[in-house]
Amino acid sequence: MTRTRLIEDYALLADGRSAALLAREGSIDWLCWPRFDSEPCFAALLGGDEEGHWRLAPADPACRASRGYQRDTLVIETAWESERGSARVIDFMAADSTEACIVRMVEGTRGSVDMHMIMQPRRADGPAVRAAAIDTNGAATLHAAGGPLTLRADVPLRVHAQALEAAFTVREGERFALTLCHGESAGGAGESCSFRALPVHFSACLYSHAFRSRPCGLRSRLSIARTPRNRRRR
């Protein structure tokens, strides 16, 4: 599927090592992982969805969305509203983790909202997702162009048409987490970046602290990028 994509419709997620672009409709359409110079595992920004994307949004396309960053962080909150209910999706890259991780949390704030998740990474040789890749703990291993990925979710996952999908309903007071880590983790690996047991506000504070305290992090690089040429050191 090909969608019209405008760069101003994207928000930035980053951890100082890499960065992802998140579309307004909840799709991560660009990510080179685990470093800026790595192969892209999501590249729908430059082509169709088959080039790799990870979408998490209400199943009803009529839901209205508004979003913004939590103060002084790259943690972005998207509020979805419908007549039946409302939900909030919180997205961030875990800067204070030994593993490269993207965390996507879904919170029910009113009534109920039917959610849909689809992940189709940019393929390497062979199928990106195999049915046998989902283990007994519900973790799924994906084979992307940039290397293996491991997705852990609080909701059931299934393989459909070379993509990983999940359909679930979030109700007021409920929270579900989906954590994507770079690499093929086994057993309990990856729990360091799942944040499932932590309140959302603590997860955001942890990210914010790690981001501000990283001396060579993305904020420093962005500051340099904004410096006028005639003010740069020669």
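The values are calculated or read from the model by the stated rules, or taken from the named source; none is laboratory data. Keep in mind that what you see is a predicted model, and the values were worked out from it rather than measured. So basically every Cβ, Gly included, is an ideal-geometry build from the backbone, and we count neighbours across all protein chains shown.
A few notes on this one:
- Counting residues in the stretch 51-67 that are crowded, with 20+ Cβ neighbours inside 10 Å, outside any strand (DSSP E or B) and of a type in the set (F, W, Y) gives zero.
- If you go through the stretch 106-147 and pick out every residue that is part of a strand (DSSP E or B), within 19 Å of F42 (Cβ to Cβ), at pLDDT 80 or above and small (G, A, S), you end up with 3.
- Residues in the stretch 8-24 that are over 16 Å from L149 (Cβ atoms) and touching a helix residue (DSSP H, G or I) at 6+ places or on another chain (Cβ under 8 Å): Y10, A14, G16, A19, L21, A23, R24.
- Only one of the numbered conditions (1) at pLDDT below 85; (2) surrounded by fewer than 21 Cβ atoms within 10 Å (Cβ to Cβ) is not met by R158, and that is (1).
- Residue in the stretch 77-93 that is among the hydrophobic types (A, V, I, L, M, F, W, C), touching a residue at least 40 places away in the same chain (Cβ under 8 Å), surrounded by 16 or more Cβ atoms within 10 Å (Cβ to Cβ) and assigned to a loop (DSSP other than H, G, I, E, B) present: no
- If you go through the stretch 16-41 and pick out every residue that is under 26 Å from H116 (Cα atoms) and surrounded by fewer than 17 Cβ atoms within 10 Å (Cβ to Cβ), you end up with 2.
- For R71: the one exception among (1) closer than 22 Å to P148 by Cβ; (2) outside any strand (DSSP E or B): (1)
- Residues in the stretch 70-86 that are aliphatic (A, V, I, L, M) and more than 15 Å from V170 (Cβ to Cβ): L74, V75, I76.
- The set of residues in the stretch 16-42 being under 25 Å from W80 (Cα atoms) and part of a loop (DSSP other than H, G, I, E, B) consists of R24, E25, G26.
- Within the stretch 5-15, restricting attention to residues that are in contact (Cβ under 8 Å) with a residue 12 or more places away in the chain and not in a helix (DSSP H, G or I), the residue that is surrounded by the fewest Cβ atoms within 10 Å (Cβ to Cβ) is L12.
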